[in-house]
1. If you check residue 96 against the conditions, is it at pLDDT 70 or above, of a type in the set (D, E, K, R), under 30 Å from residue 48 (Cα atoms) and open to solvent by less than 60 Å² (accessible area, probe 1.4 Å)?
2. If a residue must be charged (D, E, K, R) and either modelled with pLDDT under 95 or closer than 20 Å to residue 153 by Cβ (or both), how many such residues does segment 44-75 contain?
3. How many residues are more than 26 Å from residue 161 (Cα to Cα) and not polar (S, T, N, Q) when one looks only at segment 47-88?
4. Filter segment 143-167 down to residues that are open to solvent by 30 Å² or more (accessible area, probe 1.4 Å) and assigned to a strand (DSSP E or B) and give me whichever is modelled with the highest pLDDT.
5. Look at segment 32-72 and say how many of its residues are of a type outside the set (Gly, Ala, Ser) and surrounded by fewer than 12 Cβ atoms within 10 Å (Cβ to Cβ).
6. Checking residue 136 against (1) open to solvent by 60 Å² or more (accessible area, probe 1.4 Å); (2) closer than 20 Å to residue 14 by Cα; (3) modelled with pLDDT of 85 or more: exactly one of these is not met. Which one?
7. I'm checking my understanding of the structure. Among residues of segment 99-111 that are at pLDDT 90 or above and open to solvent by less than 60 Å² (accessible area, probe 1.4 Å), which one is farthest from residue 82 (Cα to Cα)?
8. Taking only pairs six or more apart or across chains, which ones have beta-carbon atoms under 7 Å, a first residue in segment 72-91 that is within 15 Å of residue 39 (Cα to Cα), and a second residue that is open to solvent by 20 Å² or more (accessible area, probe 1.4 Å) and part of a helix (DSSP H, G or I)?
Amino acid sequence: DLYPYQEAKGLGIPGLALLSRFPITAATWHEWNPGRPDLETTVDLNGAPMTVFVAHPPPPALTLTGITPRPGTDNEIDQLIARFNAIDGPLLVLGDFNITALHETYQRIEDTGLQDAFAEAGHGFGFTAVVRLARPSKPAWVIERIRLLPFMRIDYSWAGPQWVVPEPHVGDGAGSDPLPVIAALALTT
């Protein structure tokens with residue numbers, strides 16, 4: 001009842017959803033990386049249209065030669081950034097990007113003019129990952145009872161310059177391997 005407007009696709013790790021109190025007036029699913037759809041929506045915020053993206057690029061692969069992007073990730077990031085740059089008006093980008101602030105992709109997103117809500121107004125490190133193992137093993141109850149201390153931030157709420165971000169924070173676990181980033185946003189224009 002709190003979020004009557006919903007757009008969702010898939011389940012599990014590649015699944016994405018946007019739940020909104022405000023009407024979702026348009027939704028486009030982009031398949032820039034097969035099996036990892038990205039969602040672009042237009043949301044009517046009391047008569048003001050805004051664009052909201054939800055994305056979840058795959059994490060890098062750990063190989064014998066180091067950490068490398070998985071196939072398709074570079075194209076997905078390139079396409080997302082091209083769309084961010086093409087948006088005229090209020091823009092929000094939400095998602096588990098599987099990157100840290102030290103990653104080149106973080107800087108590329110910031111170069112679009114988006115602000116990392118937590119970096120701008122949050123307190124502390126804002127670590128979101130990893131608090132539980134993503135892939136259950138046997139017995140499954142062991143995975144559910146083992147909780148890890150988060151040690152990095154890979155989940156983000158990015159906001160365009162039209163937004164004020166008062167005190168975002170990291171929320172409690174809700175069943176996912178990372179913790180949620182919670183940010184109340186105010187549109188200034």
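The values are calculated or read from the model by the stated rules, or taken from the named source; none is laboratory data. These figures come from a predicted structure and were not determined experimentally. When we count neighbours, we look across all protein chains shown, and the Cβ atoms used for this are built from the backbone with ideal geometry, even at glycine. Just the protein is used for accessible areas: all its heavy atoms, side chains included, with ligands, DNA and RNA removed. Shrake-Rupley method; radii C 1.70, N 1.55, O 1.52, S 1.80 Å.
1. Values: at pLDDT 70 or above: yes; of a type in the set (D, E, K, R): yes; under 30 Å from residue 48 (Cα atoms): yes; open to solvent by less than 60 Å² (accessible area, probe 1.4 Å): yes.
The answer is yes for residue 96.
2. Of all residues in segment 44-75, those charged (D, E, K, R) come to 44, 70, 74.
From what is left, the residues that are either modelled with pLDDT under 95 or closer than 20 Å to residue 153 by Cβ (or both) are 70, 74.
Looking only at that region, the number is 2.
3. The number of residues fulfilling the criteria is 12.
4. Step by step, filter segment 143-167, then rank; the result is 164.
5. Pass one, segment 32-72, residues of a type outside the set (Gly, Ala, Ser): 32-34, 36-46, 49-54, 56-60, 62-65, 67-71.
Those still in the list that are surrounded by fewer than 12 Cβ atoms within 10 Å (Cβ to Cβ) too: 34, 46, 62-65, 67-68, 71.
Number satisfying all stated conditions: 9.
6. For residue 136, the failing item is (3).
7. This residue is 106.
8. 81/108
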